[in-house]
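The values are calculated or read from the model by the stated rules, or taken from the named source; none is laboratory data. Values in this document were obtained by computation on a predicted structure and should not be read as measured data. Every residue, glycine among them, receives a Cβ derived from its backbone with ideal geometry; neighbour counts consider all protein chains shown. The protein model used for the area step is the full one, side chains on, heavy atoms only, and it has no ligands, DNA or RNA in it. Shrake-Rupley method; radii C 1.70, N 1.55, O 1.52, S 1.80 Å.
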Amino acid sequence: MDVRAAVAFEAGKPLEVTTVQLEGPKEGEVMVEVKATGICHTDEFTLSGADPEGIFPSILGHEGAGVVVEVGPGVKSLKKGDHVIPLYTPECRECPSCLSQKTNLCTAIRSTQGQGLMPDGTSRFSLDGKPLHHYMGTSTFANFTVLPEIAVAKVREDAPFDKICYIGCGVTTGIGAVIHTAKVEEGATAVVFGLGGIGLNVIQGLRLAGADMIIGVDLNNSKKEWGERFGMTHFVNPKEIGEDIVPYLVNLTKRGADQIGGADYTFDCTGNVTVMRQALECAHRGWGQSVVIGVAPAGAEISTRPFQLVTGRTWKGTAFGGARGRTDVPKIVEWYMDGKIEIDPMITHTLSLDEINKGFDLMHAGESIRSVVVY
Ligand code: NAD
Ligand code: AHE
Ligand code: ZN
């Protein structure tokens, strides 16, 4: 069938909105009518050419919400009409990773997903008879997409698509990093580097967890107000403090009789490896945990003095906030519907598919938190 899609033909070039062809779902797959999709910084990262796994031409997008319109043979857990959120981190509940209960990184289809293909090694998208690649297993920059059943979370039907699409990545990643990955406790101190679509969700996750001191760090002063809106207690612009950011933050977080500074938890939400090092090094001696969320460009590497780890800091990372999509995403939708978490104010721009490149421009200009395309 013909569908409308924003195609990434080449790295570094704007997306082209055009009509492409989509095959129906095969064994174990479903077709979803995408009703809305967010534009995440990771889409920009891949489009820029910085993603070692970036493949072109492809249909990007991984933050969607929609309705199941067709199910392939053998599909058991979904039916036509179900409201769903596509999952770039699937949950098969059968692979060694899922069964371990130690990680959300399901391995069932990761290798074909990374090659821009469905699990049978082919693509459902094409243009003029030539295959187009899928992206992150989701390709939500098309008004219809095909997904493996294990990469779909069924959610309640009264939740608005143009808001819950954000749970498909940003909301779950930020809140999950606090709850699942860092397991932040009440009264903790935390530093969040990068107050964009992810960092603000880390901040609201910290507020939910009961953190006492929530320091936000960003080069853009307009993010101060944004951070405060979701629970940030202190804002630091590294360009304006007149000293190195690490000693500044260590000093700011001094507590207790020994006056040793450092945060209990720190989060990188920038993808900048220098910032990742700063985040580790301003974590508290003996127990501070630093969580890498940002995605760094091909070839980038992190470094620090091993002494930072010898003296008890832990460096860890998180994908999709450690969330098991089919289990956890419906719960996060419930939290939103119950008013436990906020989404609406973070969706600063709503666009049509034809305007999708404007969403990338707004991100580059630091003017948006989240732009959402509504089909
Ligand atoms: P964004 O563009 O909305 O926000 C980035 C923020 O970082 C901006 O406010 C920017 O001003 C700030 N920033 C940039 N450089 C900085 C620096 N040196 N110091 C302090 N602040 C700085 O991006 P986003 O959508 O929030 O995504 C953030 C990162 O998280 C990206 O790298 C993205 O690819 C990644 N990400 C990872 C996961 C995951 O599962 N691990 C999920 C989603 C996004
Ligand atoms: N393909 C890149 C890495 C990109 C990456 O780390 N993606 C995150 C999700 S970012 C969502 O906005 C992720 O889930 N990673 C785990 C995985 O299995 O992809 C690279 O560097 O090769
Ligand atoms: Zn994302």
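Between Gly129, Gly121, which is free of Cβ contacts under 8 Å to residues at least 24 places away in the same chain and touching a helix residue (DSSP H, G or I) at 6+ places or on another chain (Cβ under 7 Å)? Walk me through it before giving the result.
Numbers: Gly129 fails: touching a helix residue (DSSP H, G or I) at 6+ places or on another chain (Cβ under 7 Å).
None of the others qualify; the one that does is Gly121.
For the residues Thr37, Thr46, the requirement of being within 16 Å of ligand 1 (Cβ to nearest atom), modelled with pLDDT of 95 or more and closer than 20 Å to Val374 by Cβ singles out Thr37.
In this structure, is Cys106 within 14 Å of ligand 2 (Cβ to nearest atom), modelled with pLDDT of 95 or more, farther than 27 Å from Ile164 by Cα and in the same structural domain as Pro14 (by TED's automatic domain parsing)? Against the criterion (within 14 Å of ligand 2 (Cβ to nearest atom), modelled with pLDDT of 95 or more, farther than 27 Å from Ile164 by Cα and in the same structural domain as Pro14 (by TED's automatic domain parsing)), Cys106 does not qualify.
For the structure I just gave you, tell me whether Gly294 is closer than 30 Å to Asp43 by Cα, within 16 Å of ligand 3 (Cβ to nearest atom) and either touching a strand residue (DSSP E or B) at 6+ places or on another chain (Cβ under 8 Å) or at pLDDT below 95 (or both). Yes.
Each residue in the range 214-237 was checked for being touching a residue at least 40 places away in the same chain (Cβ under 8 Å) and open to solvent by 30 Å² or more (accessible area, probe 1.4 Å), and 4 of them qualify.
In the condition set (1) out of contact with any His (no Cβ under 8 Å at 6 or more places or on another chain); (2) within 15 Å of ligand 3 (Cβ to nearest atom); (3) open to solvent by 20 Å² or more (accessible area, probe 1.4 Å); (4) closer than 17 Å to Leu117 by Cβ, Gly28 is compliant with all but (2).
The single condition from (1) open to solvent by 20 Å² or more (accessible area, probe 1.4 Å); (2) within 14 Å of ligand 1 (Cβ to nearest atom); (3) in a loop (DSSP other than H, G, I, E, B) that Lys76 fails is (2). Against the conditions (1) open to solvent by 30 Å² or more (accessible area, probe 1.4 Å); (2) within 16 Å of ligand 3 (Cβ to nearest atom), Leu200 satisfies every one except (1). Out of Glu63, Glu53, Glu44, one residue alone is in contact with a Phe, Trp or Tyr (Cβ under 7 Å, 6 or more places away or on another chain), over 30 Å from Arg156 (Cβ atoms), outside the structural domain of Val295 (by TED's automatic domain parsing) and of a type in the set (Asp, Glu). It is Glu44. Pairs meeting the criteria (first residue in the range 313-339 and in contact (Cβ under 8 Å) with a residue 24 or more places away in the chain, second residue of a type in the set (D, E, K, R) and open to solvent by less than 20 Å² (accessible area, probe 1.4 Å), beta carbons under 8 Å, at least 6 apart or on different chains) are Arg324/Glu91; Gly325/Glu91; Arg326/Glu91; Thr327/Glu91.
In the range 265-286, the residue that is least open to solvent (accessible area, probe 1.4 Å) out of those that are in a helix (DSSP H, G or I) and over 19 Å from Leu252 (Cβ atoms) is Met276. Candidates are the residues of the range 136-163 that are under 21 Å from Asn201 (Cβ atoms) and more than 16 Å from ligand 1 (Cβ to nearest atom); the one that is surrounded by the fewest Cβ atoms within 10 Å (Cβ to Cβ) is Arg156.
If the requirement is being surrounded by fewer than 17 Cβ atoms within 10 Å (Cβ to Cβ), modelled with pLDDT of 95 or more, at positive phi and more than 16 Å from ligand 1 (Cβ to nearest atom), which of these qualifies: Gly116, Gly121? Lay out the reasoning, then the answer.
On the way: Gly116 fails: surrounded by fewer than 17 Cβ atoms within 10 Å (Cβ to Cβ).
Sole residue among the options that is surrounded by fewer than 17 Cβ atoms within 10 Å (Cβ to Cβ), modelled with pLDDT of 95 or more, at positive phi and more than 16 Å from ligand 1 (Cβ to nearest atom): Gly121.
From Pro52, Pro14, Pro90, which residue is assigned to a loop (DSSP other than H, G, I, E, B), within 16 Å of ligand 1 (Cβ to nearest atom) and surrounded by fewer than 16 Cβ atoms within 10 Å (Cβ to Cβ)? Every option except Pro52 fails the conditions. Kindly check whether there is at least one residue in the range 180-188 that is within 18 Å of the chain's Cα centre (by Cα), open to solvent by less than 40 Å² (accessible area, probe 1.4 Å), within 16 Å of ligand 1 (Cβ to nearest atom) and under 30 Å from Met213 (Cα atoms). For the range 180-188, residues within 18 Å of the chain's Cα centre (by Cα), open to solvent by less than 40 Å² (accessible area, probe 1.4 Å), within 16 Å of ligand 1 (Cβ to nearest atom) and under 30 Å from Met213 (Cα atoms): present. Please go through the range 244-291 and pick out each residue that is over 21 Å from the mean Cα position of the chain (by Cα), farther than 19 Å from Gly312 by Cα and at pLDDT 95 or above. Asp244, Ile245, Tyr248, Leu252 - these are the residues of the range 244-291 that are over 21 Å from the mean Cα position of the chain (by Cα), farther than 19 Å from Gly312 by Cα and at pLDDT 95 or above. Checking each residue in the range 31-49 for being open to solvent by 30 Å² or more (accessible area, probe 1.4 Å), assigned to a helix (DSSP H, G or I) and touching a Gly at 6+ places or on another chain (Cβ under 8 Å) picks out His41, Ser48.
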